[in-house]
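Structure record follows, encoded as structure tokens.
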Amino acid sequence: MKWISIFDSRPKIGQKVLLYHPWGEKMNYKDVIVGWIQAVHTFESSENIEWVDSQYTPIEPTHWMPLPEPPK
């Protein structure tokens, strides 16, 4: 599997994927996390999207890839 830029394509809304999020040296987080896109409804637009981590915290990843198949 290869990393996909979020500007080239995106997964379906709600599909869990691996995300690459460069937090920087001061943050105590991993750069690769599980997250997804969720729909956000605002007054300005009927539907926008945002990337979120497993705690529904909005994040700004640069790349994503599908999750691997679970072990059998």
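The values are calculated or read from the model by the stated rules, or taken from the named source; none is laboratory data. Since the structure is predicted, the reported quantities are computational estimates derived from the model, not experimental observations. Note that we place each Cβ from the backbone using ideal geometry, even for glycine, and neighbour counts take in every protein chain shown. For accessibility, only protein heavy atoms count, side chains too; no ligands or nucleic acids. Shrake-Rupley method; radii C 1.70, N 1.55, O 1.52, S 1.80 Å.
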### Summary
Among residues of segment 1-12 being open to solvent by less than 100 Å² (accessible area, probe 1.4 Å) and within 10 Å of the chain's Cα centre (by Cα), the residue nearest to Pro68 (Cα to Cα) is Pro11
## Note on the structure
Those residues of segment 54-72 which are in contact with a His (Cβ under 8 Å, 6 or more places away or on another chain) and not charged (D, E, K, R) amount to Ile59, Pro61, Thr62
